[in-house]
Amino acid sequence: MLKSIIKVKTQNILKLDKQKIINYLENDKIVIIKKIISKKLCNSITKYLTNISHNTIPNYFPIRIGSPNNFRVNLEDQRAMVKGSFYQFSFFPWNQDVFNFFKLFKNVFIFKNRINMLSDEEFFYPKSDKECAIRLSFQFYPKKTGFLNQHQDPVDYHQKYLMIMNLSKKGKDFQKGGLFSVIGKKKIMIDNFSEVGDLIFFKADIPHGVELIDPKSSPNLLEDKGRWMALFATNKLPKNNRIKNSVEKKS
Ligand SMILES: [Fe+2]
C-alpha cells in the first residue's frame, strides 16, 4: 500500500473521527472510505445514466439557482476552464430525481461540509446566485477519448477538500488511465487502489486529473464502456465573485 493512501472502513460516515480525517488530508494523504454504497446500487445508477445518454440530446445549462438536472457532453470544449472529454450528469438539490440522490447521499454531503468546517446543511438551499450550491455530478469517461487535464481546484471558504465516488473498477471496466493526483513529484494512479462504491478525498489544490482511458481501444461514443465516477461538488453560483476558477497545471 502506498504511503499516500489511507483506507478507512465505516458503517456510518458521520461517526468517523472528523479531526483524524482532516489531519490525514492536511498531510497530503488521499483518504479512501470503503464502499459507502453497494456495487448493485452503483450499477443501477450507471445503467440509468447510460440510458439517459443514449436517449437524450445533450444540452448545456449554467449552474444557477433553479437550474434543471441535466446531461451534457464536454468534448474538449474550448470554453471549459480545464480541457477534458467526458459526459456529465448534474443533479441539484432543488429538483426531485428518481433515485432521491440528495436523501441517499445526504450524510456524504454533510460529512463533506463538516470536514470543510461548515455547518451541516451549508449550500444545500442557497437563496442567491452570490452563494454556492451543492451538486451531484456523475461523470463518464469513454474508452479511447475520456480524459481531464491535470488541474488544481480553488481552495476557499466553500471547500478545502474534494470528494469523489468511484463507480467503475480499473482492471475490469477499463485497463489503463483513470484518476490521478500528483503529490510531491509522484503521480499516484488512485483508481489502482479503489473499488466501486468507494469515496475518495483529497485536498482540492493537489494537482489532479483523469489520464486517458484505454488509449488503444476502439472509439465507442454512445457505448457504455469506460470509467464512471460521481463528484460531490460544491459550486459557486454565477454572481459569486469571491471564489476563483479551477486552473490547469501542466505536468
Ligand atoms: Fe478537479
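Between G178, S194, V82, the Cα set farthest toward the positive side of the dipole of the chain (charges on each charged residue's Cβ, about the Cα centre) is that of S194. Counted over all Cα-Cα pairs of region 116-212, pairs farther apart than 19 Å make up 49 percent. Taking all pairs of distinct Cα atoms, average 1/r, flip it, and tell me the Kirkwood hydrodynamic radius of the chain in Å to one decimal place. The Cα-based Kirkwood calculation yields 18.4 Å.
Around the Cα centre of region 156-247, unit charges on the Cβ atoms of Lys, Arg, Asp and Glu (plus for the first two, minus for the last two) sum to a dipole of about 400 debye.
Mind listing which trypsin sites (Lys or Arg not before Pro) in region 105-170 are in a DSSP loop and have 13 or fewer other Cβ atoms within 10 Å? Answer by residue number: K127, K130.
With a Förster radius of 41 Å applied to the C-beta separation of D120 and S217, the computed FRET efficiency comes to 0.45.
Taking a sphere under 14 Å around the Cβ of I115 and counting the other residues whose Cβ falls inside, with K and R at +1 and D and E at -1, yields a net charge of +4. With the simple model of a label 7 Å out from the Cα in the direction of the Cβ, R242 to R79 spans 2.7 nm. Taking every alpha-carbon pair in region 1-132 and binning the separations at 10 Å intervals from zero gives 10, 29, 36, 23, 2 percent.
For the chain, a crude dipole built from +1 on the beta carbon of Lys and Arg and -1 on the beta carbon of Asp and Glu, taken about the Cα centre, is about 560 debye to the nearest 20. Annotation: lysines with alpha-carbon distance below 16 angstrom to K170 (same-chain offsets under eight excluded): K34, K35, K39, K143, K144, K216, K225. The aspartates and glutamates whose alpha-carbon is closer than 13 Å to the alpha-carbon of K236, local same-chain residues fewer than 8 away aside, are E122, D129, E131, D153, D156.
A crude spin-label estimate for the pair K249 and N12, with each label 7 Å from Cα along the Cβ direction, gives 3.7 nm. Relative contact order of the chain, taken over Cα pairs closer than 8 Å and 6 or more residues apart, is 25 percent.
Throughout, read-outs are computed from the coordinates displayed, never taken from laboratory work. Since the structure is predicted, the reported quantities are computational estimates derived from the model, not experimental observations. Every residue, glycine as well, gets a Cβ built from its backbone with ideal geometry; the counts of neighbours run over all protein chains shown.
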